[in-house]
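Structure first, then comments.
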Amino acid sequence: MDPTRVIPREERQLAVLAQTYPGWHIDQDTPGEWRAVRRAPVSREEADAGVERVSIPTSPEALGSALAVQAERTHSSRARRTFAP
């Protein structure tokens with residue numbers, strides 16, 4: 001790797017998102033279209049909680065927000081299943 005190479009902003013953002021959300025395959029299909037595909041299938045409980053398998057926002061910032069929401073929904077669906085009477 002060339003230490004003098006300037007890493008484009010979108011490439012850095014992609015790397016941060018991929019590191020933050022390892023359960024998702026994140027890429028940029030075309031300029032202005034970011035995509036995240038969940039690596040694991042969505043369970044029925046997760047789907048009922050609003051968890052989605054694919055997210056396609058128009059910016060890395062919007063994708064980060066969408067993935068944060070998906071992470072919260074995933075955790076809350078697991079908590080409901082774990083602590084349900």
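Here, each number is a calculation from the coordinates, and none is a lab measurement. Everything numeric in this text was worked out from a predicted model, so none of it was measured. Cβ sites come from the backbone with ideal geometry, for glycine too, and all protein chains shown count toward neighbours.
Hey, can you tell me all the residues within segment 26-40 that are outside any loop (DSSP other than H, G, I, E, B) and among the aliphatic types (A, V, I, L, M)?
Matches in segment 26-40: 26, 36, 37.
Of all residues in segment 8-25, count the ones that are in a helix (DSSP H, G or I) and either over 14 Å from residue 64 (Cβ atoms) or basic (Lys, Arg) (or both).
Total satisfying the criteria: 3.
Does residue 69 meet the test of being in contact (Cβ under 8 Å) with a residue 24 or more places away in the chain and not in a strand (DSSP E or B)?
Against the criterion (in contact (Cβ under 8 Å) with a residue 24 or more places away in the chain and not in a strand (DSSP E or B)), residue 69 does not qualify.
Residues of segment 41-63 being under 13 Å from residue 25 (Cα atoms) and either of a type in the set (Val, Ile, Thr) or assigned to a helix (DSSP H, G or I) (or both), which ones?
Within segment 41-63, 54, 56, 63 qualify.
Out of all the residues in segment 35-51, which are surrounded by 14 or more Cβ atoms within 10 Å (Cβ to Cβ) and under 10 Å from the mean Cα position of the chain (by Cα)?
35, 36, 38
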